[in-house]
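Q: Shown below is the structure under consideration.
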Amino acid sequence: MPTQDHPRGVFVTFEGGEGSGKSTQIKLLAERLARDGRDVVVTREPGGSPGAEILRHVILSGVGKLLGAEAETLLFAAARDDHVRAVIAPALARGQWVLCDRFFDSTRAYQGRVGGVDRALMESLQRVTIGDLKPDVTFILDVPVEVGMRRATARRGAAAPDRFEAETIAFHQALRDAYQAIAAAEPARCVLIDADRDADTVAAAIWSALPARLTSP
């Protein structure tokens, strides 16, 4: 697969609402890259590093929501700072491919566009936590809300829904709209993928889109 010469590794993020299939597609892409001889690190947010995983449990328990949108955003920022320093930046410095299930676009969508957190605060936290580190490409997996929620329900089985799965249909529709807006605003980085298809078809679309994104100026 042709790619430009990167002074660092390649950073690919996956975004989307609940049940959009991010975990499945990351697994499939990681396996294909490994077969192609690439050294791949798979990680996630919130979480991905020891400190961030602790904060993940706090966030998904719903404590952040009780404290308010701004406080929840600060929890995400703290988790991301640890994740970037401990996992993402070192892996990229080693020349590895990093595939991450959610990154700063999730905070922009969930807490920013849907939660109404002040844009200046969001941008300040982004500068502090990631600086100039941005994904080389972001795949936004798009599915109708009803489809995503049905998948999420089937995935968790008898377990209780987490902080975000428990939100209303209106919330999830607003979230889908937010992700579509992000994709439209940053077409050089973001690829909107129709994920309301079987996993292999979605994986083929992702693989087909990847080379052009990495060779674009």
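Q: For Ala184, all conditions in the list (1) touching a residue at least 24 places away in the same chain (Cβ under 8 Å); (2) assigned to a helix (DSSP H, G or I) hold save one; what is the number of the exception?
A: The number of the failed condition is (1).
Q: What do you reckon, is Glu186 surrounded by 15 or more Cβ atoms within 10 Å (Cβ to Cβ) and more than 17 Å from Ile26 (Cβ to Cβ)? So that I can check it myself, show each step before the final result.
A: Numbers: surrounded by 15 or more Cβ atoms within 10 Å (Cβ to Cβ): no; more than 17 Å from Ile26 (Cβ to Cβ): yes.
It is false that Glu186 is surrounded by 15 or more Cβ atoms within 10 Å (Cβ to Cβ) and more than 17 Å from Ile26 (Cβ to Cβ).
Q: Quick check: anything in the range 53-74 in contact with a Cys (Cβ under 9 Å, 6 or more places away or on another chain) and under 25 Å from Ala160 (Cα atoms)?
A: The answer is no; no qualifying residue exists.
Q: Scan the range 123-132 and give yes if some residue there is within 25 Å of His57 (Cα to Cα), surrounded by fewer than 14 Cβ atoms within 10 Å (Cβ to Cβ) and of a type in the set (S, T, N, Q), otherwise no.
A: Scanning the range 123-132 turns up at least one residue that is within 25 Å of His57 (Cα to Cα), surrounded by fewer than 14 Cβ atoms within 10 Å (Cβ to Cβ) and of a type in the set (S, T, N, Q).
Q: So, of the residues in the range 189-217 that are at pLDDT 95 or above and part of a loop (DSSP other than H, G, I, E, B), which turns out to be nearest to Val10 (Cα to Cα)?
A: Of everything passing the filter in the range 189-217, Arg189 is nearest to Val10 (Cα to Cα).
Q: Okay, next question. Among the residues of the range 144-161, count how many are closer than 14 Å to Ser23 by Cβ and in contact (Cβ under 8 Å) with a residue 40 or more places away in the chain.
A: 4
The values are calculated or read from the model by the stated rules, or taken from the named source; none is laboratory data. Everything numeric here is computed off the predicted structure, so don't read it as measured data. Cβ coordinates were reconstructed from backbone atoms using ideal geometry, including for glycine residues, and neighbour counts include every protein chain displayed.
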